[in-house]
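Structure, as structure tokens:
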Amino acid sequence: MAKHPVPKQKKPKNKSKTRYGSFKTSVLKRLTNSVNLSICPDCKSKHLAHTVCQECGKYRGRQVTDKQKEIEKITKIKA
């Protein structure tokens, strides 16, 4: 049976904490760079790139979703 690798000395807790800390900061940097927020030219609110603006319902200058119609759907109940 093969022997398993065993550390020669005990590692201090600070060593593992710094390793985890550097990993955490690299992950946070990668996540913040992956989310691309763009500013809507009409309402000046931030939204995800290549998606419809949630505030005004426009995408690349043209109206895609009608926000007034959505508000009417929510407020009016047809019996």
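The values are calculated or read from the model by the stated rules, or taken from the named source; none is laboratory data. Predicted model only: the values in this text are computed from it and were never measured. For neighbour counting, all protein chains shown are included, and Cβ atoms are generated from backbone atoms with ideal geometry for every residue, glycine included.
Among (1) more than 21 Å from the chain's Cα centre (by Cα); (2) of a type outside the set (A, V, I, L, M, F, W, C); (3) surrounded by 10 or more Cβ atoms within 10 Å (Cβ to Cβ), which single condition is Arg60 missing?
Of everything listed in (1) more than 21 Å from the chain's Cα centre (by Cα); (2) of a type outside the set (A, V, I, L, M, F, W, C); (3) surrounded by 10 or more Cβ atoms within 10 Å (Cβ to Cβ), Arg60 misses just condition (3).
At pLDDT below 85 and out of contact with any helix residue (DSSP H, G or I) (no Cβ under 9 Å at 6 or more places or on another chain): is that true of Asn33 in this structure?
Yes, satisfied.
Restricting the search to the range 28-48, which residues are aliphatic (A, V, I, L, M) and surrounded by fewer than 10 Cβ atoms within 10 Å (Cβ to Cβ)? Can you show your working first?
Here is the first cut: in the range 28-48, the ones aliphatic (A, V, I, L, M) are 28, 31, 35, 37, 39, 48.
Answer for the range 28-48, where residues must be aliphatic (A, V, I, L, M) and surrounded by fewer than 10 Cβ atoms within 10 Å (Cβ to Cβ): Leu31, Val35, Leu37.
Name the pairs whose Cβ atoms lie under 7 Å apart, with the first residue in the range 36-58 and in contact (Cβ under 8 Å) with a residue 40 or more places away in the chain and under 20 Å from Gln68 (Cβ atoms), the second among the aromatic types (Phe, Trp, Tyr) and outside any loop (DSSP other than H, G, I, E, B), and 6 or more positions between them or separate chains?
none
Across the range 7-37, what is the total count of residues that are assigned to a helix (DSSP H, G or I), over 30 Å from Cys53 (Cβ atoms) and among the basic types (Lys, Arg)?
Here the count works out to 5.
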